[in-house]
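Let me begin by presenting the structure, written as structure tokens, before commenting on it.
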Amino acid sequence: MSTTTLAPPIQGESLGSSIQQQIASITNDLIAQLPNPAHLTSEQRCGIIARYTAVLEGNFIYWMTATYIAVKSEEVRSILAENLFEEVRDAHPIMMRKFAVAAHAFPTANDALSIDRELTSVRLFLGKLQSVQSVLTMAFFEGWIQRFMTFLADLAGAQGSPEREYTDVHGVCDITHTAELFRALSIEMAANPIGPDADLFEGVDLLRTLIVSIVQGPAANAAA
Ligand SMILES: [Fe+2]
């Protein structure tokens, strides 16, 4: 289902807040569908951590960089640069890898390839360098990551891992990052409006499908 049908066309600031509400609703649905970690097998818990790691470790900075390349507004570029600065300076991929290794859930080839189709779709979308759609996709991603952190930490805890640096950092800093990305969205939409036929939620829909695959694993792929 395309999320573009959820709201009637409106303009300006109310459009920005309507989009933010739609993203919040998509994120709320994804969080509400998360299983109880205590009801999962150890293998299922590992699979979720591994698939999440397979996506996040190598792609987050790449996708934020793709968005940086796509945008036209200098102000938006500086917001995205600040996000990338933190990612690189604080070496977030190292935190991610440590988290997965400590939970004995570092991705295998099977984990990585089980989400290959959905991951490829998001990569190809970002390769189109559509600035507004890309910023919206990353705003959605940041917000979802922040909300997902409690669940991810609970999975690691159930696996007997005490390592929490990744989940602690992303449960806090991504609140600001998400707000900044929605501010960036408003600026980019004004500076570089999308055409009437463009699908604003194209990337959000693809990323949502990838997130469902991360959580549900090969079962989601088999059902698709
Ligand atoms: Fe990060």
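For the chain, a simple Cβ point-charge model (Lys and Arg +1, Asp and Glu -1, everything else neutral) yields a dipole of about 340 debye relative to the Cα centre.
For the chain, the longest principal axis of the alpha carbon atoms and the long axis of helix 42-70 meet at an angle near 30°. Give the value in nm², to one decimal: projected area of the alpha carbon convex hull of the chain, averaged over all directions. For the Cα atoms of the chain, the hull's average projected area reads 11.5 nm². Once the gyration tensor of the Cα atoms in the range 18-128 is diagonalised, the equivalent ellipsoid follows with semi-axes of 27, 19, 15 Å, ordered largest first. Straightening the chain between N36 and T150 buys 39.9 nm, computed as 0.36 nm per residue apart minus the Cα-Cα spacing.
For the range 190-196, putting each phi into the Karplus relation 6.51 cos²θ - 1.76 cosθ + 1.60 with θ = phi - 60° gives couplings of 6, 7, 8, x, 7, x, x Hz, in residue order, rounded to whole numbers and with x for Gly and Pro. Each 5 Å bin from 0 upward holds the following percent of the Cα-Cα pairs of the range 102-224: 2, 10, 16, 17, 20, 16, 10, 5, 2, 1, 0.
Axis of helix 92-102 versus longest Cα principal axis of the chain: the two differ by about 20°, to the nearest ten degrees. Axis angle, to the nearest 10 degrees, between helix 74-89 and the longest C-alpha principal axis of the chain: 10 degrees. The sum of -39500 (n - 2.57) across all DSSP H runs of n ≥ 4, divided by the residue count of the chain, sets its helix-only mean residue ellipticity at 222 nm to -25500 deg cm²/dmol.
Since every read-out is calculated from the coordinates, none of them should be taken as a lab result. Only a predicted model underlies this, so the values are computations on that prediction, with no experimental measurement involved. Cβ coordinates were reconstructed from backbone atoms using ideal geometry, including for glycine residues, and neighbour counts include every protein chain displayed.
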